[in-house]
Amino acid sequence: MALSVKYDPSQVEDKWYSYWLKHKLFHSEPDEREPYTIVIPPPNVTGVLHMGHMMNNTLQDVLVRRARMMGKNACWVPGTDHASIATEAKVVAKLKAEGINKSDITREEFLRHAWEWREKHGGIILEQLKKLGASCDWDRTKFTMDPALSKAVINTFVYFYKKGYIYRGVRMVNWDPEGLTAVSDEEVIHKETDSKFYYLRYKIVGPTRTPDGKDYIIIATTRPETIMADAAVCIHPEDTRYDYLRGQKVVIPLINKEIPIIEDDYVTMDFGTGCLKVTPAHDINDYAIGLRHKLPVLDIIDEHGHLNAKAQILIGEDRFVARKKIVKMLEEAQLLEKTEDYKSQVGYSERTNAVIEPRLSMQWFLKMEDLSKEALRVVEDDEVQLIPDKFKNTYRHWMENVHDWCISRQLWWGQQIPAYYLPDGEYVVEASKEEALAAAQKINPSLKAEDLIQDEDVLDTWFSSWLWPISVFDPDKPGFPDREPNRDLAYYYPTNDLITAPEILFFWVARMIMAGDEFCHKIPFSHVYLTGIVRDKQGRKMSKQLGNSPDPIKLMQEYGADGVRLGMLLCTSAGNDILFDESQVEQGRNFSNKIWNAYRLIQGWNVDGQLESRAEDKIAVEWFAAKLNRTLESVNDLFDKFRISDALMLIYKFFWDDFCAWYLEIIKPAFVNGVQSSIDKVTYDKTISFFDSLLKILHPFMPFITEELWHNIEERKEGETIMLEQMQKPQPYSAELIHSFDIAQQAVVSVRALRQSKNISPKEPLALQVKAAGYPQSITPIIEKMANISDVQVIDSFDKVSAGQSFMVETIEFYVPLDGKIDVGEEVEKIKAEIARYEGFLKSVSAKLSNDKFVKNAPAQVVDTERKKMSDATTKIENLQKRLEMLS
RNA sequence: GGGAGCUUAGCUCAGCUGGUUUAGAGCAUCUGCCUUACAAGCAGAGGGUCACAGGUUCGAAUCCUGUAGCUCCCACCA
């Protein structure tokens, strides 16, 4: 069968993916082997594959495929996250486009639409992962809102409630007026925003006047639209400038409401005017001051961010419109002293980008204090290893300053909080309505089911994702620390490695550790590999708005999934951002093609069983075997350190340079008089076995092309796959052998460079002389073949020759006679320059060695190396000088 | 404002507890080649005061201090 000149991924990829699926090769069941488990960071069910997913999932697939080939029972559990805010927003938008308002339909109707939407669009991202070659156990696909997983969430809530960790309280929360929900501190992004500082006049009640005789004080604010909710004006207790104000009252501009002057050292004296308006309902700090001073709380902004009736003026206006209008009103009333430009940090909602409004509302919280202690310890003690470990600092900082977790969200899409209100406002928390009724009846026996009203809110999405490594295996476990784990959980948990993004280290990773510790008494994974953010060439984050993210599916169509995987991996070091550029993917495609053509070369050979191996073939085989073992060893080491891209680069060079450029070029049968000669069977079989080893090493990175070629090199039975082949274990090898081959390579490169500089065709055979001292004679056939040398003469000393060129490899001297092809003057200059270079080097080395302190203080080994350097350099200089004499 | 990290070739990055020739790789560049596997290729070459300034040391890209620039995280200065 003739193979095409270029590798065509489209002919191969779908074929093998369906083959893997058909034979259930990704599926795992507990058995006697050691498990290797990864749970996918569940992408949003609404999501579409982007470059970040590509990166993240390629890494996971590499680890899983490699574990499988290392003899482990590998299981990669896929699934999606219900992503309450993001999904609800999409469904709301879709309904709106159909003319339906969320507020006009019931919760049940809305959820029906949402589920319908999920059925239709929910699987897209998982289907896209298949194109990438992801070897997930699709039979285990989970969704965070699967009934069983939702049950786990409810049980967890009930468990922590009964443990006393969950409480309900009025809190100042970050309110998203567009999403109409509270969001956690972590979902608020502070951005420097241009705003204005307004200096307002608050009239003093009574006869008191300022030292310069004015009847008003000046207060600076960025939010003039909230003055109607002011409860006091605050000065610092030690601020003598305002002594006259103590115990006085001032009047809120426009609405003429009297409020007291209070004193609190929260106020910074040298900021603004030193007078702070206190608005407990609309500022987190003011709320705290209000609590200290028992100030009334007046909430004048509604859930949409509009002023309500309590504001008295500008009722119904949006907060930003109101700001503009009130400034105008203040100006007209001559109550605006001045305006300054000001840059301040404003909080924005991560999901909707709306300006966050601090708002008092009733929310559910989970106490974090106790949970976070153990989660911090396991990371400190490296029971969970963060890769790279620089994230330990950030992690510690967060865990030491952890706030209680606001777990309620004012949405419908998600797990509804299992709190049931009694008519009198009391509530019970139970896993089901039946249990809730029973509990309620203990309080009031006359209650009926219809008297109970369930809390409207749902739980934060992370409140389900933090159970993920447990609930995908045993959804009955969360909430029941003492219950026996089921078979899957007992076998697969704890998982091994988690691959995720640093930005969700706290949202997700820390909390999974907490849940794992609480319910399984074991931490859920031992390594957390944190990937960087995929950015474009200019370093900008890839985003839909910028349109700078390539479509991964198109990329895979153009360059092949293997090519894209390689392109991503080549530039990935843990924790560093990835500057993505299509040229990297091109490199990946080119490499696929190289592998393809290497195979084309081998499979085109005629094998002759009678033929003896040539000398160079034998050396090449021995050398490559040694190099293979060394590579296997290094690759193992790099994987242990999670240096995936280094491992890949090593393999890349091993294949391209060592295998193709050297090994294959050496053993390649000659082409004589238009006829391809044959290869001996021993060398051929060895070559096939090397190629087989290479395919296996490459398979975790490039699953498709390696499967294709693995089926080409031998007839395979239906269901057989390279995926389940065992990775070779490195054997001891001769470093000496590799070293002498290295000398041959350097000699060859020198001769080739000489040809290039002297314009001598590679086809023209040359002679080569080498001095016996230090020359490993076994490499002669390699040099002859690869440098096109007619005859390597090993001699004791060079004759005086008229013209030729010499070079050294280490301290071994080589000489190429080049009668009439060389300019003696030029050669002399060259040698002189080289002598000068070595002399400079010698000088620096001898400076070191003549320094007593160095000889005394440096370790003996280092001194020895320096001595060796000196003697080598001296030898080289001597050799060069002799050459010089011969030439003159 | 606090904390962490980064700055090495045109680009992306290695360089682990200071000593392995006068700093490496891949890509890109340049030169010569369409040589019966591959021009998505082959052969060869060039390219760096290791951000800057001090210090410690026999010895610094590597350790310390400061400066500049960049990035990220945290934070309520109205």
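The values are calculated or read from the model by the stated rules, or taken from the named source; none is laboratory data. Bear in mind that the values here come from a model prediction, so they are computed numbers and not experimental data. All Cβ positions, even for glycine, are placed from backbone atoms using ideal geometry, and neighbour counts span all protein chains on display. Surface areas here come from the heavy atoms of the whole protein model, side chains and all, with no ligands, DNA or RNA. Shrake-Rupley method; radii C 1.70, N 1.55, O 1.52, S 1.80 Å.
Before moving on, here are some points about what is shown:
- Reciprocal mean inverse distance between Cα atoms of the stretch A:438-525 - Kirkwood radius, Å: 15.1 Å
- From largest to smallest, the equivalent ellipsoid semi-axes obtained for chain A from the alpha-carbon gyration tensor read 70, 38, 24 Å.
- All-pairs alpha carbon distance profile, the stretch A:264-420, 10 Å steps from 0, percent: 8, 22, 32, 22, 12, 4, 0
- A 1.4 Å probe over all protein chains sorts A:Arg65, A:Arg292 by accessible area into A:Arg292, A:Arg65, starting with the largest.
- Seen from A:Asp370, the other residues with C-beta closer than 11 Å to its C-beta sum to a net charge of -1, counting Lys and Arg as +1 and Asp and Glu as -1.
- Taking every DSSP bridge with both residues inside chain A, close to 70 percent are antiparallel.
- About its Cα centre, chain A has a charge dipole of approximately 1240 debye under the convention of +1 per Lys or Arg Cβ and -1 per Asp or Glu Cβ, with nothing else charged.
- Of the GluC sites (Glu not before Pro) in the stretch A:556-614, the ones in a loop by DSSP (not H, G, I, E or B) with at most 16 other beta carbons within 10 Å are A:Glu612.
- For the stretch A:180-301, the C-alpha radius of gyration sits at 1.10 times the compact-globule guess of 2.2 N^0.38 Å, with N the residue count.
- Selected from A:Phe659, A:His50, A:Tyr167, residue furthest toward positive end of dipole (chain A; charges at beta carbon): A:Phe659
- Two numbers describe the Cα atoms of the stretch A:402-473: Rg and Dmax, which are 14.4, 43 Å.
- Whichever aspartates and glutamates have a C-alpha closer than 19 Å to that of A:Lys848, once near sequence neighbours (fewer than 8 apart) are set aside: A:Glu839, A:Asp864, A:Glu866, A:Asp872
- Of all aspartates and glutamates in the structure, the ones whose alpha carbon falls short of 19 Å from that of A:Lys594, not counting any fewer than 8 places away in one chain, are A:Asp8, A:Glu13, A:Glu558, A:Asp562, A:Glu582, A:Glu586, A:Asp657, A:Asp658, A:Glu665, A:Asp692, A:Glu707, A:Glu708.
- Residue pairs exceeding 21 angstrom between C-alpha atoms, taken from A:Lys72/A:Lys151; A:Lys257/A:Lys310; A:Lys151/A:Lys477: A:Lys72/A:Lys151.
- Dimensions (Å) - the stretch A:32-184, Cα atoms, principal axes, largest first: 56, 44, 26
- For chain A, the longest principal axis of the Cα atoms and the long axis of helix A:369-380 meet at an angle of about 10 degrees.
- Isotropically averaged projected area of the stretch A:720-792, using the convex hull of Cα atoms (one quarter of hull area), nm²: 8.1 nm²
- Amide H contacts of A:Lys277 (H built 1.01 Å from N, in plane; Pro and chain starts excluded): A:Cys234 sit under 5 Å, all sequence-distant by 5 or more or on other chains.
- Our helix-only sum for chain A, with -39,500 (n - 2.57) per DSSP H run of n ≥ 4 divided by its residues, gives a mean residue ellipticity at 222 nm of -13000 deg cm²/dmol.
- Separation of alpha-carbon centers, the stretch A:366-445 and the stretch A:827-849, rounded to whole Å: 71 Å
- Alpha carbon convex hull of the stretch A:274-346, projected area averaged over orientations, nm²: 6.2 nm²
- Dipole in debye (nearest 20) - the stretch A:93-156, about Cα centre, beta carbon charges: Lys, Arg +1; Asp, Glu -1: 180 debye
- Note on the stretch A:384-532: with charges restricted to the Cβ of Lys and Arg (+1) and Asp and Glu (-1), its dipole about the Cα centre is near 580 debye.
- Given their separation in residues at 0.36 nm each and the Cα-Cα distance between them, A:Glu331 and A:Glu29 gain 101.3 nm when the chain is fully extended.
- Environment charge of A:Ala439, counting only residues whose C-beta is closer than 12 Å and scoring Lys/Arg +1, Asp/Glu -1: -1
- Once C-alpha pairs closer than 8 Å and six or more residues apart are averaged by separation and normalised to the residue number of the stretch A:47-183, the relative contact order reads 34 percent.
- What the Kirkwood sum gives for the stretch A:152-246 is a hydrodynamic radius of 18.4 Å, with every pair of different alpha carbons counted.
- Summing charges over neighbours of A:Arg323, with a neighbour being any other residue whose Cβ is under 14 Å away from its Cβ, gives 0 when K and R count +1 and D and E count -1.
- 10 Å-binned pair-distance histogram of the stretch A:469-602 (Cα, whole percent): 11, 28, 23, 22, 14, 2, 0
- Cα gyration tensor shape of the stretch A:650-717, rounded if a/c is under 1.5, else prolate or oblate by comparing a/b with b/c: oblate
- Dipole orientation for the stretch A:572-682: of the candidates A:Leu611, A:Ser573, A:Thr631, A:Leu611 has the Cα lying most toward the positive pole (charges on Cβ; Lys, Arg +1; Asp, Glu -1).
- Long pairs among A:Lys191/A:Lys641; A:Lys653/A:Lys686; A:Lys277/A:Lys367, criterion Cα-Cα beyond 27 Å: A:Lys191/A:Lys641; A:Lys277/A:Lys367
- Amide H contacts of A:Leu579 (H built 1.01 Å from N, in plane; Pro and chain starts excluded): A:Arg535 sit under 5 Å, all sequence-distant by 5 or more or on other chains.
- Farthest toward the positive end of the dipole of chain A, out of A:Gly825, A:Gln676, A:Leu149, is the Cα of A:Gly825, where the dipole comes from beta carbon charges about the Cα centre.
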